[in-house]
1. Go through the stretch 445-455 and give me each residue that's of a type outside the set (Val, Ile, Thr) and either farther than 17 Å from SER72 by Cβ or near the ligand (Cβ under 10 Å from one of its atoms) (or both).
2. Of all residues in the stretch 74-87, count the ones that are farther than 17 Å from THR141 by Cβ and modelled with pLDDT of 85 or more.
3. State yes or no: is PRO419 touching a residue at least 60 places away in the same chain (Cβ under 8 Å), within 21 Å of ALA365 (Cα to Cα) and in a loop (DSSP other than H, G, I, E, B)?
4. Yes or no: ILE229 touching a residue at least 40 places away in the same chain (Cβ under 8 Å) and surrounded by 12 or more Cβ atoms within 10 Å (Cβ to Cβ)?
5. Criterion first (within 16 Å of the ligand (Cβ to nearest atom) and crowded, with 18+ Cβ neighbours inside 10 Å) does PRO428 satisfy it?
6. Of these, LEU333, LEU441, LEU414, LEU351, which one is hydrophobic (A, V, I, L, M, F, W, C), in a helix (DSSP H, G or I) and not assigned by TED's automatic domain parsing to the domain that holds HIS495?
7. Do we find that LEU328 is within 15 Å of the ligand (Cβ to nearest atom), assigned by TED's automatic domain parsing to the domain that holds CYS410 and over 22 Å from GLU510 (Cβ atoms) in this structure?
8. Among the candidates MET338, MET323, single out the residue that is surrounded by fewer than 19 Cβ atoms within 10 Å (Cβ to Cβ), within 16 Å of the ligand (Cβ to nearest atom) and under 26 Å from ARG430 (Cβ atoms).
Amino acid sequence: MFRQVKRKTAGRKNFEDKPSINSSSETSEFSIPKLFTSRLSFYDLPPNQEITLEEFEQWAIDRLKILIEIESCVARSKTPKDVELSIKPLLLKYLPLSPAVNLDEKSVIKERMKDYYSHFILRLVFCRSEELRSKFIKNETILFRVRYNLLQPKEQQEFVELNSYKLSWKYISPKEKNELIDKFFAASGNILKQQYIADSGDTLTLNNEQTKQMMIQKENFIKLPFEKITQLVSSRSIYLQDGFGYLPTSLQLKLLATEFQNNLNQILIKTFQAIPRLEEDDRLLPLLNNLSRNFSSCQYEVDLDNELTSDINALSVTSKQIMSHYPLCASHLQKNLMTSSHLKYLGRQQLGIFLKGIGLNVDEAIKFWSQQFTKNGNMSQETFNKQYKYNVRHQYGLEGARINYKPWDCATILSKPKPSSKEYHGCPYRDFSQTQLTQSLEEMGIKNQQDLNSIMDNVGNQDYTIACTRVFELTHQKEIMSAHKGTGPIIQQEHISHPNLYFDRSRQLERSASASADSNKS
Ligand code: SF4
């Protein structure tokens, strides 16, 4: 799809002479480049090493997966602590940033490079409109906060010192801290006490002396001219002396995040102004357009060898037990197929390859469709074989161009024409009337008015996949809690961007919850 050979372009910087992280000649004597000294970054300097087109795309997609999860958590009103819990496993999987002591130098640089470049690639993707910019800034700032909290106190201090050229923060000495600790406690003690208790998950009880001791252990104070921290001064939450405010570590993050956010806002506008220059490059623009078109361009990969699929056959897919794991789009399609013994083309495609994705093999699929189409006597087996069998085999790549079709993700489903009368494809969160959707949600067991309202709010904002993720959470609350209490594997609660992801997560949760129930009995 893209030219792999580098093209020299007049007026564009060509980086042939720069050493590459991938070049074997330099593997033996690396030292971590200044750009990647810290695990956290304000991303001030643009990167200038070469990466391949595959890395360009894959790194951007991996970062996007994390930003999508953050967006989804915020839309579902998760607390900062819950957002952190949700994205930690994703960070480890897609964008790890290991401390330099835990890995060899080359791997450390590679991880940091991926983080750095992916941020810059997504700047190109999300700088094009006010709406995209504000989404990107909001989610990147949350990511920055989470990552800052994951740093060791020493690393936090090193990060601030590394950025002293823009922050002009000055740490006070341990001696000065000990001399002023009573005053710091009087000014910030209450706020910090509440924060320590909240961080411990409300398991700590602290008296004043214990709080003071924790402040000595945990807090590194910086001294700032009071006009830079007017908000904190006016809320009387920090100690002031001679025109300087003393800010403990726990209150510094807010300031850092504001700095990060303002920086990014300014730079995204500049990036947007520079975008026309990219138009000379016919390799990158389609890629960037594709990434910005929809957050859910990150594909969920359907695993057809999954052990959970072994019990899927023509009969079991019509059972309540299996259908209880379907998302609303799939259950709506299948219920209507089972009642009317027919589905029009788009419905057959959407349901057919969804079923293929959950593990229905081609022979069982032919059996399933022929039973459903012929069971009320409106169609003979012969007609089915003549008119529809080919279509089923085609879905499995056994006819025509022999394409092994993948199940549609939510973005693909939402990009198809809306269903007209007697059609049932599409996404019910978009296509149902409010009354029909409320009724369906109630049938799924969601009766609480507040929950229903929050789902309707998501639908009103056209956040259909967020509504679906919320429904998944509400309808699987028991299993999620029980699976997490047990000894079974923790099932990652991801944003639902694919009907088959919904199905797989639902089944995994059921298995995990029953495994933990078994282990509790024994
Ligand atoms: Fe199906 Fe996706 Fe709509 Fe959920 S959001 S109902 S999985 S299309």
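The values are calculated or read from the model by the stated rules, or taken from the named source; none is laboratory data. All of these numbers come straight from a predicted model, not from anything done at the bench. Virtual Cβ from ideal backbone geometry, glycine too; neighbours counted across all protein chains shown.
1. Listed by number, the residues that qualify are GLY445, LYS447, ASN448, GLN449, GLN450, LEU452, ASN453.
2. Qualifying residue count for the region: 1.
3. No, not satisfied.
4. No.
5. yes
6. LEU441
7. No, not satisfied.
8. When all the criteria are applied, what remains is MET323.
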